[in-house]
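Structure first, commentary second.
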There are 2 protein chains.
Amino acid sequence: MIKLFHSNWIIREEWFELLKRVPNEELLRNRIGGQGSILNTIFHILDVEYSWICGIQGKPEVQVRFENYNTLEQLKTLSDSWMQEIKLFLETWSDDFENDIVTVPWSEERYTEGEILLHIIAHEIHHMGQLSIWAREMGIQPVSANVIGRGLFVV
Amino acid sequence: MIKLFHSNWIIREEWFELLKRVPNEELLRNRIGGQGSILNTIFHILDVEYSWICGIQGKPEVQVRFENYNTLEQLKTLSDSWMQEIKLFLETWSDDFENDIVTVPWSEERYTEGEILLHIIAHEIHHMGQLSIWAREMGIQPVSANVIGRGLFVV
């Protein structure tokens, strides 16, 4: 399962690289679906991932505002910073924790830790699928969504 | 990991249900990205999943043509039929097979079985993300992509 985090992050880096060639106003343009723009959707991916990982760890909720991260560079910096912390957490992960129950500040529900990790993974892939449509609309070949062929598995 | 197959299939059923209200010509309309139309993208999801599952099992490749499955009802029938077979296979799955190496008829590469299963899962989520954009374009609220809150986990 942790492999899917790695594959998501590799794909995310490729999106950051690809979108460098796109003017910021195009990245902020209102679009149908997702979080309404390319940058806002990337911000949402980062925010959801980090919030849940903090939630699992019982850390307080961090409130960030898109207005402070509305360029590709700022989002990349935010992503790098949070990813460092998330990597450290995932290094301590063991499947034994999968059924451990947690609650998070923004919900009354009880969740298993495994459920939350799967949710984070699927959430990013879902929104990256939306980016791929918007890339095509801009005439850009999107980043491949393939998990295979990325050297993540020893064969 | 197998939980993500279940969540994908629940979400897929919800898409089949939601899209019943959409005229077939709208489902076949050319769109930017994905496989070029809603039905063709769903067909592609089914085809990729089934092909890889057959590949893992060393079963011969099954060639199907979109032209024979270009209505929602036909795709639902195809999905139901293949899903039965895939469920049987996944019931025999154990994490011990994760690093077993397989080859498939359409590639020279060697893959691990775990890698293939993760690829299938991510592939469907990615394309469902695309459907969500197209649904919004038609003025329809898309199916939720959430893995949590679907009763898949015992808490």
Quick one: B:K87 ticks every box in (1) open to solvent by less than 30 Å² (accessible area, probe 1.4 Å); (2) in a helix (DSSP H, G or I) bar one, so which box is it?
-> (1)
Picking from B:R31, B:R21, which residue would you name as being touching a Ser or Thr at 6+ places or on another chain (Cβ under 8 Å), outside any helix (DSSP H, G or I) and among the basic types (K, R)?
-> B:R31
Among the residues of the stretch A:105-137 satisfying the criterion of being without any contact (Cβ under 8 Å) to a residue 24 or more places away in the chain and under 15 Å from the mean Cα position of the chain (by Cα), which is farthest from B:L152 (Cα to Cα)?
-> A:S132
Taking first residues from the stretch A:85-100 that are farther than 11 Å from A:I53 by Cα and second residues anywhere that are assigned to a helix (DSSP H, G or I), the pairs with Cβ under 6 Å that are 6 or more apart or on different chains are A:F97/A:E113; A:E98/A:G114; A:D100/A:E113
Per-region count, the stretch B:55-78, residues among the hydrophobic types (A, V, I, L, M, F, W, C) and either part of a loop (DSSP other than H, G, I, E, B) or exposed (fewer than 14 other Cβ atoms within 10 Å of the Cβ) (or both) | 2
Would you please list the contacts, defined by Cβ atoms under 6 Å and residues six or more apart or on different chains, that run from a residue in the stretch A:48-60 that is without any contact (Cβ under 8 Å) to a residue 40 or more places away in the chain to a residue that is in a helix (DSSP H, G or I)?
-> A:Y50/A:W82
Scan (1) under 15 Å from A:I116 (Cβ atoms); (2) in contact with a helix residue (DSSP H, G or I) (Cβ under 6 Å, 6 or more places away or on another chain); (3) surrounded by 14 or more Cβ atoms within 10 Å (Cβ to Cβ); (4) within 12 Å of chain B (Cβ to nearest Cβ) for the single condition A:Q35 breaks and write down its number.
-> (1)
Could you say whether any residue in the stretch B:138-146 is facing chain A (nearest Cβ under 7 Å), open to solvent by 10 Å² or more (accessible area, probe 1.4 Å) and over 17 Å from the mean Cα position of the chain (by Cα)?
-> no
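For (1) in contact with a Pro (Cβ under 7 Å, 6 or more places away or on another chain); (2) open to solvent by 20 Å² or more (accessible area, probe 1.4 Å); (3) more than 9 Å from chain B (Cβ to nearest Cβ); (4) not in a loop (DSSP other than H, G, I, E, B), each residue gets a yes or a no:
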{"residue": "A:I53", "(1), (2), (3), (4)": "no, no, yes, yes"}
{"residue": "A:D80", "(1), (2), (3), (4)": "no, yes, yes, yes"}
{"residue": "A:D96", "(1), (2), (3), (4)": "no, yes, yes, yes"}
{"residue": "A:H119", "(1), (2), (3), (4)": "no, no, no, yes"}
{"residue": "A:M128", "(1), (2), (3), (4)": "no, no, no, yes"}
{"residue": "A:A135", "(1), (2), (3), (4)": "yes, no, no, yes"}
{"residue": "A:V154", "(1), (2), (3), (4)": "no, yes, no, no"}
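The values are calculated or read from the model by the stated rules, or taken from the named source; none is laboratory data. In this text, all values refer to a predicted model and were calculated from it rather than measured experimentally. FYI the Cβ positions are ideal-geometry reconstructions off the backbone, even for glycines, and counts take in every protein chain you see. Each accessible area value is taken on the protein alone, full model and side chains, heavy atoms only, with ligands, DNA and RNA left out. Shrake-Rupley method; radii C 1.70, N 1.55, O 1.52, S 1.80 Å.
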